[in-house]
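Taking it in order: structure first as structure tokens, then the write-up.
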Amino acid sequence: MPVKVITDSTADLPPALAEELDITIIPLNVHFGTDGYKDGVDILPEEFYRRLVSSTKLPTTSQPSVGDFLGLYNDLAKTTNQIVSVHISAKLSGTMNSATQAREEYQGDCRIEIVDSRQGSMGLGMVAIAAARTAISGANIEKVVEEALLAVPRVKFFGMLDTLEYLEKGGRIGKAQAFVGSLLRIKPLLTARDGEIHPLERARTRGKGIDRLYELAREHMPLVDLGVVYTTMPEDALDLARRLAPLLPNGEVSVSQIGPVVGTHTGPGVLGIALRAEGLGQY
């Protein structure tokens with residue numbers, strides 16, 4: 001039976017790409033007060049960002065429950081006996097913990113392997129894509145896991161924020177705390193490293209920040225995959241994707257909107273890139 005690949009909604013994968021690669025998405029949860037929604041299922045990005053900017057209190061987020069994972073594992077086990085579950089960094093979310101507990105409680109015959117991407121957003125997406133492309137080629141579960149693990153150190157994510165307000169309020173600021181207190185007009189550039197959010201640079205304007213994202217992609221050539229993500233400014237994302245297209249042999253740069261859970265912690269105006277560089281890497 002073919003290997004089935006699961007990731008979570010923080011991967012911010014374009015829906016068409018997830019469908020093409022047969023990637024199953026388990027949603028995280030976002031809460032506005034007592035109202036709870038499944039990320040990308042009960043609430044879509046457009047509605048979420050409208051509510052986010054008008055809300056006086058930051059929404060909260062939570063990982064899928066152990067029961068959510070058990071239900072999904074049992075459902076997929078009807079059509080496969082091999083599952084690779086690739087998720088957001090354990091340092092950023094309890095999702096890995098829920099997945100691991102569910103595997104321990106699972107009583108069926110399906111083999112389940114869990115991979116910590118050490119990333120979030122499309123960085124996680126890139127690791128899931130590497131696993132899925134290997135799976136649909138007919139590889140066994142050992143090879144799918146191997147390719148996912150090899151992708152982890154080769155995947156990079158760089159994001160430009162309009163403000164650190166949402167990261168700070170949401171408690172996910174981590175090492176990026178060093179940027180707090182910067183001039184309001186400075187656009188912070190962040191990256192994911194060692195499973196956490198780290199400060200990278202400061203751009204004086206949004207335009208300079210976008211130029212820097214382009215240069216960061218160039219610095220990591222040759223590339224296997226490249227994607228652009230955004231929260232509320234699709235025109236910037238599309239423009240950047242067009243600039244980046246020549247950096248890939250096939251010229252296909254994916255563009256996707258950051259979903260509600262990641263958007264809770266990043267806020268509006270975010271633009272980012274995720275890439276997977278060539279090379280063997282080590283894990």
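Among the residues of the stretch 110-169, the ones that are on the phi > 0 side of the Ramachandran plot, under 17 Å from the mean Cα position of the chain (by Cα) and among the small types (Gly, Ala, Ser) come to 1 in all. So which residues in the stretch 92-126 are in a loop (DSSP other than H, G, I, E, B) and crowded, with 21+ Cβ neighbours inside 10 Å, if there are any at all? The answer is Leu92, Ser93, Ser117, Arg118, Gln119, Gly120.
Just to check your reading of the model, which residue among Tyr37, Tyr73 is farther than 24 Å from Glu142 by Cβ and out of contact with any Asp or Glu (no Cβ under 6 Å at 6 or more places or on another chain)? Step by step, each of Tyr37, Tyr73 is checked, and only Tyr37 is farther than 24 Å from Glu142 by Cβ and out of contact with any Asp or Glu (no Cβ under 6 Å at 6 or more places or on another chain).
If the condition is being touching a strand residue (DSSP E or B) at 6+ places or on another chain (Cβ under 6 Å) and in a helix (DSSP H, G or I), then the stretch 52-72 contributes only Leu72. Summed over the stretch 4-36, the residues that are within 13 Å of the chain's Cα centre (by Cα), in a strand (DSSP E or B) and charged (D, E, K, R) give a count of 1. Beta carbons closer than 8 Å, at least 6 apart along the sequence or on distinct chains, pair a first residue in the stretch 70-91 that is under 22 Å from Ala130 (Cβ atoms) with a second that is part of a loop (DSSP other than H, G, I, E, B) and among the aromatic types (Phe, Trp, Tyr) for Tyr73/Tyr106. Test Leu247 against the stated conditions and say whether it is farther than 28 Å from Lys38 by Cα, at pLDDT 95 or above, buried (at least 21 other Cβ atoms within 10 Å of the Cβ) and more than 18 Å from the chain's Cα centre (by Cα). Taking the combined requirement at face value, the residue does not satisfy it. Set side by side, the residues Val229, Val261 differ, and just one is closer than 18 Å to Leu13 by Cα, at pLDDT 95 or above and part of a helix (DSSP H, G or I), which is Val261. There is at least one residue in the stretch 1-11 that is of a type outside the set (Val, Ile, Thr), at pLDDT below 95 and in contact with a helix residue (DSSP H, G or I) (Cβ under 9 Å, 6 or more places away or on another chain).
Annotation: of all residues in the stretch 138-179 being touching a strand residue (DSSP E or B) at 6+ places or on another chain (Cβ under 7 Å) and aromatic (Phe, Trp, Tyr), the one that is modelled with the lowest pLDDT is Phe179. For the stretch 31-41, a residue qualifies if it is touching a residue at least 12 places away in the same chain (Cβ under 8 Å) and surrounded by fewer than 17 Cβ atoms within 10 Å (Cβ to Cβ), and the qualifying residues are His31, Gly33, Val41.
Filter the stretch 224-244 down to residues that are within 16 Å of the chain's Cα centre (by Cα) and among the β-branched types (Val, Ile, Thr) and give me whichever is farthest from Gly40 (Cα to Cα). Step by step, filter the stretch 224-244, then rank; the result is Val228.
The values are calculated or read from the model by the stated rules, or taken from the named source; none is laboratory data. Not measured: the values here are computed from a predicted model. Here the Cβ is made from the backbone with ideal geometry for all residues, glycine too, and neighbour counts use every protein chain on show.
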